[in-house]
Amino acid sequence: MKLNFLLFLLILICSLAGCTHRVKRIGYNSDTPVSTDCDILIKKNYNYSENEVKVVGKIKLGDTGFSIKCEESDALKILRQEGCAVNADVINIVEEKRADFLSSCYRVTATFLKFNQATQASQISSDENYSEEEIEDRVILDKDRKKGMIIGSIVTGLIAGLITGFLL
């Protein structure tokens, strides 16, 4: 009976937490769903002049604790949707963290930039590091790293259990 209740509670928490990134919007609201078809650039630590660009928002994508669909490609899809919704020209990634022992998610902080003159956006391009091929390669490496962490955790747990069993 107690086990059934705990299982039910775990399923309830997982369903309420969602399976994707935790999204924290700063300086804007995005209630309107927008497709990712707008022409938006992705840069990392883009150096810009405040005379040329206006910051139209900031976003942080993190882990809910129960996130499972939170690879880099999922995060960039969210960034593109949010950037398109605020009519930004550039997604400026200011911080990113790969999956590790603390979180199985790719975490990112970015600002959305809008050029004061429309022609300025056509003079720059996205960083090569954010091409579809590069992202896909990193996602594969992250998945392999996660598998290694899971196997390492299981082996460590088994060894610790065996040692504890022999000591008791």
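The values are calculated or read from the model by the stated rules, or taken from the named source; none is laboratory data. Source: prediction; values computed, not measured. Here the Cβ positions follow ideal geometry from the backbone for every residue, glycine too, while neighbour counts run over all protein chains shown. Just so you know, the surface numbers come from the protein's heavy atoms only, side chains and all, with ligands and any DNA or RNA stripped out. Shrake-Rupley method; radii C 1.70, N 1.55, O 1.52, S 1.80 Å.
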Given a Förster distance of 35 Å, the FRET efficiency implied by the Cβ-Cβ spacing of Gln117 and Ile140, rounded to the nearest 0.05, works out to 0.35
Unsatisfied cross-links (Cα-Cα over 32 Å) in the set Lys54/Lys143; Lys54/Lys147; Lys77/Lys146; Lys24/Lys143; Lys114/Lys143; Lys114/Lys146 | Lys54/Lys143; Lys54/Lys147; Lys114/Lys143; Lys114/Lys146
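Between Asp127 and Asp100, what length comes free when the chain is fully extended (0.36 nm per residue of separation minus the Cα-Cα distance, one decimal in nm)?
On the way: separation 27, 0.36 × 27 = 9.72 nm, distance 2.43 nm.
Between Asp127 and Asp100, full extension yields an extra 7.3 nm.
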Can you pull the one-decimal nm distance between simple spin-label points at Leu167 and Ser49, each 7 Å off the Cα toward Cβ?
-> 6.5 nm
What ³J(HN,Hα) values, in whole Hz, does the Karplus curve 6.51 cos²θ - 1.76 cosθ + 1.60 give for region 109-126 when θ = phi - 60°, with x put for Gly and Pro?
-> 10, 9, 10, 9, 10, 10, 6, 5, 10, 4, 6, 5, 5, 6, 8, 10, 9, 5
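Which three numbers, in whole Å and largest first, are the semi-axes of the equivalent ellipsoid of region 81-168 derived from its Cα gyration tensor as √(5λ)?
On the way: eigenvalues 392, 36, 12 Å².
Over the Cα atoms of region 81-168, the ellipsoid semi-axes are 44, 13, 8 Å.
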Cα centre as origin, Lys/Arg/Asp/Glu Cβ charges: region 91-168 dipole, Debye | 440 debye
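Can you pull the percent of region 94-168's accessible area that's carbon plus sulfur, 1.4 Å probe, other chains left in place? Walk me through the numbers before you get to the answer.
On the way: 3210 of 5130 Å².
Answer for region 94-168: carbon and sulfur cover 63 percent of the accessible area.
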Region 33-168, dipole about Cα centre (Lys/Arg Cβ +1, Asp/Glu Cβ -1), debye to the nearest 20 = 560 debye
